[in-house]
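Worksheet: the structure to be examined is printed underneath.
FYI, it's all coordinate maths here, none of it is from the lab. This one's a predicted model, so the numbers in the text were calculated from it and none came from an experiment. A quick note on method: Cβ atoms are made from the backbone with ideal geometry, for glycine too, and the neighbour counts reach across all protein chains shown.
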């Protein structure tokens, strides 16, 4: 039984391998169509219900494709060749103008970059009129470009602006240093006024504001005490005046008694 299964499996494997080998050979030799006697065709189904409407199209071989490509290349060449002559002539004209334009460009760039300018360091800078479209009046085509009106906002070279920028940056650095000193002084004054560290907010000592508050409270207390003592002082003054009058009366009485006593003593 097992022997029969083995033989059948071997027969099936052999048939399958031969079929696969045959398919591979057909694909290998049939992949590229270099030109058949009977060209390959493909049927395009237009209507699945009516086969009469189907269209059979011929698949072009590689040779036929090459012929068509060669013909199209020839047509493309014929279309392009008439424009090559004028293009070459324009190129030769541009080549003749290139050295002068390049030197003009370099001179203008050097002037804009490094020109010292007049006493104020100013130079004349003009904007371009439609860059790439308009050329200098009376000049040749493809010559230097045409410049427009003078610019008022930009009137110095790049080098001059760089020197001014460096100077301004130095002034800014100096001002920042002075500002830092003022900030430090402001912190010290704030600490003196409030008695607090401005960075941490911690109370470190009694500030001037605290002392002013204490003095104000003390002044208020003195005023209250003065208001309380003023009536008392008036009363004391009145009592002192009364006592002074009594003393004066007593002094007078004592003097009269002393005179009487002295007179009595003389009689004896």
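Modelled spin labels at residue 128 and residue 57, positioned 7 Å past Cα toward Cβ, are 5.1 nm from each other. When the chain is treated as a GNM, springs tying every alpha-carbon pair under 10 Å, which of 254, 77, 223 comes out with the largest mean-square fluctuation? Most flexible of the set in this elastic network: 254.
Where does each of 79, 40 land when they are ranked from fewest to most other beta-carbon atoms within 10 angstrom? Numbers along the way, then the final one.
Working: 79 9, 40 12.
If I rank by nearby Cβ atoms, fewest first, I get 79, 40.
Counting only alpha carbon atoms, the long axis of helix 208-267 and the longest principal axis of the chain meet at about 0°. Taken along the Cα-to-beta-carbon direction at a fixed 7 Å, the label points for residue 111 and residue 210 span 7.2 nm. Relative to the longest principal axis of the Cα atoms of the chain, the long axis of helix 62-114 lies at roughly 30 degrees. Answer with a single label: of [x] 5, 8, 8, 7, 7, 7, 8, 8, 8, 8, 6, 4, 3, 3, 3, 2, 2, 2, 1, 0; [y] 7, 26, 25, 19, 16, 7, 1, 0; [z] 7, 23, 30, 24, 13, 3, 0, which was calculated as P(r) over Cα pairs in 10 Å bins from 0, in percent from the structure in view? Matching the structure shown: [x]. Springs join every pair of Cα atoms under 10 Å in this Gaussian network model of the chain, and among 107, 60, 51 the largest mean-square fluctuation is at 51. Between the helical axis of 158-194 and the longest alpha-carbon principal axis of the chain there is an angle of about 40 degrees. A full extension of the chain between residue 72 and residue 233 corresponds to an added length of 44.8 nm, given 0.36 nm per residue minus the alpha carbon distance. With the simple model of a label 7 Å out from the Cα in the direction of the Cβ, residue 142 to residue 176 spans 5.2 nm.
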